[in-house]
């Protein structure tokens with residue numbers, strides 16, 4: 001597989017970059033397109049259609065190729081992978097049929113490949129992303145390789161899109177299905193936020209709605225733990241501070257803990273609506289605001305992946321939580337540069353809303369405040 005990454009601020013920029021990329025005979029069969037909602041998706045799709053390239057696309061909260069971070073632009077990873085080794089499925093959700101939609105995709109994939117692996121993105125903040133992952137495991141088993149991230153909208157939190165050639169949706173899923181016998185796909189989802197204190201029991205919760213921890217309203221416990229007066233008063237600033245600086249870490253029996261950010265705070269009863277489920281009776285720990293060790297851990301995990309499972313790669317795809325960008329700002333380039341240097345191959349990435357992937361030594365999970373890195377190698 002040969003890969004090239006291109007970027008631009010307009011369809012005209014992309015047309016020019018594409019022309020330069022194919023001038024040497026390079027013929028991309030697949031394009032992974034990360035694009036701001038401000039850009040003209042139809043124009044980009046038309047450009048790629050004209051050279052016969054299949055499209056996997058998602059809108060973002062920021063996009064990058066190699067070490068170059070941007071916002072409001074277009075980043076594309078072009079691949080010349082054998083068309084017999086992949087296909088793209090696209091489905092719109094019908095009500096809340098998230099699990100059933102994923103099951104249907106896997107059933108079709110298994111008709112095509114004996115051992116399918118998946119790179120996915122979904123749109124709409126109401127989408128039950130954990131139900132999607134459960135649907136993949138229902139049919140393909142616990143060891144299925146699924147990686148990806150939720151589409152964004154430049155942090156407007158209003159309307160996100162996924163798309164392929166000729167179709168898009170603000171409530172759907174797009175999936176690259178790879179023949180794992182022909183294209184090796186391996187990745188890791190790593191957060192790196194440090195936990196403090198002893199594990200505490202969630203004493204009242206319903207799905208992703210956490211009411212009390214150790215019989216104390218979770219907001220009150222967060223306020224006590226953080227020591228910040230800012231965590232009082234019904235403001236967006238408070239919610240953002242909780243989400244990116246003091247998230248919960250849901251403990252697992254194996255593997256790394258899973259981040260669960262409080263995306264919505266009910267100031268009347270002190271409860272959080274989190275980004276994923278937090279079962280009643282589960283154990284959680286609090287996090288402290290991140291430092292540069294967080295970035296170093298991401299790179300170290302990838303170096304271990306390279307050493308143990310993926311010595312070579314043709315291309316790299318990265319889904320990084322928008323919360324990391326909010327936390328680190330321009331310094332986020334340090335993490336992206338470190339990731340790029342592990343394999344030193346063409347890379348494209350997006351800042352996403354939730355990430356999908358296998359935690360280090362763990363199971364397939366829905367993540368937050370996490371960087372999911374996916375390496376591809378055609379055999």
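Residue-wise test of (1) part of a loop (DSSP other than H, G, I, E, B); (2) touching a residue at least 60 places away in the same chain (Cβ under 8 Å).
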residue: 4; (1), (2): no, yes
residue: 15; (1), (2): no, no
residue: 19; (1), (2): no, no
residue: 24; (1), (2): yes, no
residue: 32; (1), (2): no, yes
residue: 48; (1), (2): no, yes
residue: 51; (1), (2): yes, no
Residue in the stretch 97-108 that is under 17 Å from residue 56 (Cβ atoms), part of a loop (DSSP other than H, G, I, E, B) and out of contact with any helix residue (DSSP H, G or I) (no Cβ under 9 Å at 6 or more places or on another chain) present:
no
Take the conditions at pLDDT 95 or above, under 28 Å from residue 2 (Cβ atoms), in a helix (DSSP H, G or I) and out of contact with any helix residue (DSSP H, G or I) (no Cβ under 9 Å at 6 or more places or on another chain) and apply them to residue 84. Does it pass?
yes
Go through the stretch 15-34 and report how many residues are in contact with a helix residue (DSSP H, G or I) (Cβ under 6 Å, 6 or more places away or on another chain) and either buried (at least 21 other Cβ atoms within 10 Å of the Cβ) or outside the structural domain of residue 318 (by TED's automatic domain parsing) (or both).
1
Of residues in the stretch 53-76 being touching a strand residue (DSSP E or B) at 6+ places or on another chain (Cβ under 7 Å) and part of a loop (DSSP other than H, G, I, E, B), the one nearest to residue 18 (Cα to Cα)
53
Tell me which of these residue 95 doesn't satisfy, since it passes every other one: (1) modelled with pLDDT under 95; (2) in contact with a strand residue (DSSP E or B) (Cβ under 9 Å, 6 or more places away or on another chain); (3) surrounded by fewer than 21 Cβ atoms within 10 Å (Cβ to Cβ).
(2)
Is there a residue being farther than 17 Å from residue 321 by Cβ, in contact (Cβ under 8 Å) with a residue 40 or more places away in the chain, outside the structural domain of residue 368 (by TED's automatic domain parsing) and part of a loop (DSSP other than H, G, I, E, B) anywhere in the stretch 210-224?
no
Residue 216 vs. criteria crowded, with 21+ Cβ neighbours inside 10 Å and at pLDDT 75 or above
no
Sole exception among (1) without any contact (Cβ under 8 Å) to a residue 60 or more places away in the chain; (2) surrounded by fewer than 22 Cβ atoms within 10 Å (Cβ to Cβ) for residue 114, by number:
(1)
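The values are calculated or read from the model by the stated rules, or taken from the named source; none is laboratory data. If you're wondering where the values come from, they're calculated on a predicted model, not measured in any experiment. Backbone-built Cβ (ideal geometry, glycine too); neighbour counts: all protein chains shown.
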